[in-house]
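Here the structure is laid out as structure tokens; the discussion comes afterwards.
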Amino acid sequence: MRRFGQACGTLAKDDPIDAALIARFAGTVSAEIVPPRPEDRRLAELESYRRDIVRCLTRLKAQRDRVSGAVRDLHQRRLKQAEADLREIDARIRQVVRADARLARRHDLISSIPGIGTTLTTTLLACVPEWGAISSRKITALIGVAPYLDRSGRTDNRRHIKAGRRHARSALYMAALCALRYNPTWKAFYDGLVRNGKPGKVALTALMRKIAITINIMIAREIPWAPPIRPA
């Protein structure tokens, strides 16, 4: 909003000015908005808190061999508490997913893909409630795996991904790595790109985009994964 105001020459800021700027922005820029449901917000809140616990656990485990005897018992207590909190938050996430028919159905659809387990599935559900409601082109841009042309003057024509939802993109990255081990269809897609000269990172990003498009189509059409059906 501030960038839009600066482009319009509106540098001052107070509540009436901001309200007028937001109204002008809404009338100028069209946006497709899919408001999250209360169940989606609840799942997103739990998933965000789970990431905090995982970060805490990672830090505590890294410190385990460095703490002295004076605080080792306190450190061990914190570690056990964090592990208990992780189990509790996972149980609450499962409860929220099972209690809502739409979330449960989407969870079953995504987890039907070989290599994508429960944790990755719930992360993708929490970070992207728009699955199936918008086009595949928009879903890849939303997550941040859509390639954008970055050319000016004599610069090359290489495309780059940018912006998007970081946690959803990280989950897709892990899903792509798992797919290389457990999903022959996507392993063949990745290997084909590499054989055609694509660098490993470019091929992996293309696989992430392929996974996102496939999930979006599966949820929109409510069809589970099936190897004979080639992903779009």
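For this structure, a couple of remarks:
- The simple Förster model, with R0 at 30 Å and r as the Cβ-Cβ distance, assigns E45 and N196 a FRET efficiency of 0.10.
- Fully extended contour minus Cα-Cα distance, from R94 to I22, at 0.36 nm per residue: 22.1 nm
- Rolling a 1.4 Å probe across all protein chains gives K198 an accessible area of roughly 100 Å².
- When all protein chains stay in place and ligands, DNA and RNA are ignored, the 1.4 Å accessible-area order of Y190, Y182, largest first, is Y182, Y190.
- Computed FRET value (nearest 0.05) for S112 with R59, which takes r as the C-beta separation and R₀ as 35 Å: 0.55
- Packing-based ranking of 215-224, 68-77 yields 215-224, 68-77, ordered from highest to lowest mean Cβ neighbour count within 10 Å.
- By accessible area, using a 1.4 Å probe on protein heavy atoms only, the range 32-95 has 50% of its surface on carbon and sulfur.
- The chain, relative contact order [Cα under 8 Å, separation at least 6], %: 18 percent
- The range 49-202, Rg to Rh (Cα coordinates; Rh as Kirkwood inverse mean 1/r): 1.07
- Cβ-derived FRET efficiency at R0 41 Å, A163 paired with A84, nearest 0.05: 0.65
- For the chain, the number of Lys pairs separated by eight or more positions or lying on different chains, with C-alpha atoms closer than 27 Å, is 15.
The values are calculated or read from the model by the stated rules, or taken from the named source; none is laboratory data. On a predicted model such as this, the values are computed, not experimentally measured, just so you know. Using ideal geometry, Cβ is built from the backbone for each residue, glycine included, and neighbour counts are taken over all protein chains shown. We work out accessible area using only protein heavy atoms, side chains counted, and drop any ligands, DNA or RNA first. Shrake-Rupley method; radii C 1.70, N 1.55, O 1.52, S 1.80 Å.
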